[in-house]
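Undergrad: Right, I'll just put the structure down here and ask away after.
The values are calculated or read from the model by the stated rules, or taken from the named source; none is laboratory data. Please read all numbers here as calculations on a predicted model, not as lab measurements. Here the Cβ positions follow ideal geometry from the backbone for every residue, glycine too, while neighbour counts run over all protein chains shown. Ligands, DNA and RNA are stripped out before the accessible areas are found, and what is left, the full protein with its side chains, is counted by its heavy atoms. Shrake-Rupley method; radii C 1.70, N 1.55, O 1.52, S 1.80 Å.
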Amino acid sequence: MSLQWATRAGVLRHLHLDHAMARPGRVTGLQNQLRHLSLSSQPRLTPRVGVLSAITSQQSHSYATDASRPTPKKATKATDGTRKKSTAPTKKRELTEKQKEKLKEDKEKKKQRDHINALKETALEPPKKLTVSAHLVALQSKLAELKSQYPTQKEAFGAASSAVKDIPAHEYERHQIQAAENRAANEAALISWLKSYTPLQIKKANVARRALAKLTGKPYKPIQDDRQVKRPLIPFVRFANERKASGDLKSMAPTESFKRIGEEWKSLTEAEKEPFNKLYREDQERYDREYKETYGVERQPVKSD
């Protein structure tokens, strides 16, 4: 029986292909029907039922499971040329003695810088002062007038210096008045600035200024504040002041007179030193009392007092 005859006979009419393809499980039935039709049209060939059944069974199983079986991902290599970082801990390289010494020096320098910065914050910065010299006031005035007439600051300064020498008396008097006004303005600004801080803050600022002068070698003048408690004079200083006031050492140079006073102090007996020691003890009591009243804290026996 040929395939054409089978089609005319209506055999294939009953094959619902849409139903057969609806599920992978129906593929087997469709294949079996096609296999029988093929065998019918070729009767001389001996069908290999076992092989075909195994193939169709394997195909059916593959159709049923391919939809749910996950596709394995292939390992991809990095395309950017970078290598994956190793998670293994790297061994820390040991520093040489020179590197250790350098590291130690850097730490000490940083520690000193931090200490200096802290001292600068405590030291405070008084307001800048205006010029109180009539000559400098006149020089600044002339320099402002001539600055635009010369190409360099140095040339303008030289011309201003020469002009100040020949300044008229009435004009110089005007600069003297300006200098006096600047002096008064400086005092008013300082008083206002001091009132913004407590006496204890100014005292700590002066202690920090003395420390900065030692560490940096730069001049840090103490802040003048009348509220600060005067420290007691030690016995030797009292004795030296008394000897200078006597006038016995006027003919001597300052270094020689100071040396002479030191020798005299060493030659005194304890009984002769006692009056000076007594004055020091009384002055120390006064200092402790005023210290608490002014600063609001008890005095600590330290050298910075």
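Undergrad: Which trypsin sites (Lys or Arg not before Pro) from the stretch 232-305 combine a DSSP loop assignment with at most 15 other Cβ atoms within 10 Å? Walk me through the numbers on the way to the answer.
TA: Working: sites: ARG238, ARG243, LYS244, LYS250, LYS259, ARG260, LYS266, LYS273, LYS278, ARG281, ARG286, ARG289, LYS292, ARG299, LYS303; in loops: LYS250, ARG299, LYS303.
Of the trypsin sites (Lys or Arg not before Pro), the ones in loops of the stretch 232-305 whose Cβ has at most 15 other Cβ atoms within 10 Å are LYS250, ARG299, LYS303.
Undergrad: Quick one: Karplus J couplings for the stretch 183-199, per residue in order, coefficients 6.51, -1.76, 1.60, θ = phi - 60°, nearest Hz, x for Gly and Pro?
TA: 4, 5, 5, 5, 5, 5, 5, 5, 4, 5, 5, 5, 5, 7, 10, 7, x
Undergrad: For a label point 7 Å from the Cα of LEU190 along Cα→C-beta, name the residues of the stretch 210-241 whose backbone N is under 11 Å from it.
TA: Output list for this probe position: 222-226.
Undergrad: Using a 1.4 angstrom probe, figure out how much accessible area the stretch 155-305 has per residue, in square angstrom, rounded to the nearest whole. The partial results should precede the final answer.
TA: Details: 10450 Å² over 151 residues.
On a per-residue basis, the stretch 155-305 sits at 69 Å².
Undergrad: List the pairs from LYS110/LYS203; LYS109/LYS203; LYS128/LYS218; LYS110/LYS214 whose alpha-carbon separation is above 24 Å, in the order I gave them.
TA: Values: LYS110/LYS203 27 Å; LYS109/LYS203 28 Å; LYS128/LYS218 18 Å; LYS110/LYS214 18 Å.
Result: LYS110/LYS203; LYS109/LYS203 exceed 24 Å.
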